[in-house]
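Chemist: I have a structure I would like to understand better, so I am pasting it below and will then ask my questions one at a time.
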Amino acid sequence: MPRPIFIGDLVLMSAPATGIHGVRTITLFNCLVSSLSFWQSPSDKIGDDGFSRPFAAYKRDFVQRHEGLSLLILESKDPDADFRAANIAGSDTMRFEREGKCPDGSTVKVSFSLAFADDAAVPEIHFATCQQRYPQNFRNLAFQRHATSVTGIAGVVVVAEQPDMQRNFFETFTGTKTARINGGFTIVTPRGEIDVLKPAAFVHRFGVTSPDVSLAARLAVLRFAVADPRLLEGVPEQAGISGLFAGNATVIGPGDAMGAVLVFEPAAQESG
């Protein structure tokens, strides 16, 4: 079954980084974008349990090398069954929950089941699927309204020296077949596209420097759909950052987006 995009994770650098300092989450329609920052602390602050190893410890090591996007999570109805048969399972299924606060101050329970997938050829990206246990508590319209008119995830972009080498893994991970595009391939999920591009194709499309992929592929771009692109015109200047325009999209480069590339593009119009 095809799996839609659910979470993109952005890791912020504070070297030497050994402990998670803070997590900030932006809620969009049926998906999340999270940022994690690290602080200097004793190494034993991060545990050795099944969740800490593929998540916190991995991010601690990732941020020693660079900032940027490190984790791609797709939504699943059954994380237990996603990866075992395909031999790409990177962990047992883990469940965690916490209390969330609503705009009116009330609290609700938020719970997820998570299963990691592993591609040894792509150590700079971690992959997982996630099932929401209380989706009604997650879908809060008050948290999904943003001044930029962002409505959701239009897609993500991975950069790889040889995209074809990642094709089989991505088809298994997403449950969807790939289609060839200029400089790589694309996968259309029920919520957003996953494009895997060569560096030259990435630069041609977005007009910013490609991440270094000489050792391994990198998760480089989050593409956001916006309802009213006019609301974005003054945002880069107000935030003290530079933006460039590629066609109808606004692109925030890695120098201003903590190692990631953020693309804001008009939401697709439904025909009819």
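Chemist: Of all residues in region 156-169, which are modelled with pLDDT of 95 or more and under 17 Å from PRO4 (Cβ atoms)?
Modeler: The answer is VAL157, VAL158.
Chemist: Still on this structure: For PHE62, are the conditions met, namely being assigned to a strand (DSSP E or B) and at pLDDT 65 or above?
Modeler: Here the answer is no, as PHE62 does not meet what is asked.
Chemist: Kindly provide the set of residues from region 69-93 that are at pLDDT below 85, outside any helix (DSSP H, G or I) and small (Gly, Ala, Ser), ordered by number.
Modeler: Hits for region 69-93 are SER76, ALA85, ALA86, ALA89, GLY90, SER91.
Chemist: Assess whether ARG191 counts as being of a type in the set (Lys, Arg), touching a residue at least 60 places away in the same chain (Cβ under 8 Å) and surrounded by fewer than 22 Cβ atoms within 10 Å (Cβ to Cβ).
Modeler: Judged against the criteria, ARG191 is a match.
Chemist: Evaluate the following for ALA200: is it assigned by TED's automatic domain parsing to the domain that holds ASP164, over 23 Å from GLU67 (Cα atoms) and out of contact with any His (no Cβ under 6 Å at 6 or more places or on another chain)?
Modeler: Taking the combined requirement at face value, the residue does not satisfy it.
Chemist: So, in region 187-227, how many residues would count as being assigned to a loop (DSSP other than H, G, I, E, B) and under 18 Å from THR250 (Cα atoms)?
Modeler: Adding up the residues that qualify gives 5.
Chemist: For region 101-130, give me the residue count where each residue is among the charged types (D, E, K, R) and surrounded by 14 or more Cβ atoms within 10 Å (Cβ to Cβ).
Modeler: Qualifying residue count, region 101-130: 3.
Chemist: Right, next: For region 172-183, enumerate the residues that are modelled with pLDDT of 95 or more and surrounded by 15 or more Cβ atoms within 10 Å (Cβ to Cβ).
Modeler: THR178, ILE181, GLY183
Chemist: Further question: Looking only at region 82-139, count how many residues are in contact (Cβ under 8 Å) with a residue 40 or more places away in the chain, under 20 Å from the mean Cα position of the chain (by Cα) and farther than 19 Å from LYS59 by Cα.
Modeler: Residues meeting the conditions: 7.
Chemist: Looking only at residues that are under 30 Å from GLU99 (Cβ atoms) and surrounded by 21 or more Cβ atoms within 10 Å (Cβ to Cβ) in region 131-155, which one is modelled with the lowest pLDDT?
Modeler: Here the residue is VAL150.
The values are calculated or read from the model by the stated rules, or taken from the named source; none is laboratory data. Everything numeric here is computed off the predicted structure, so don't read it as measured data. Here Cβ is always computed from backbone atoms with ideal geometry, including for glycine, and neighbour counts include all displayed protein chains.
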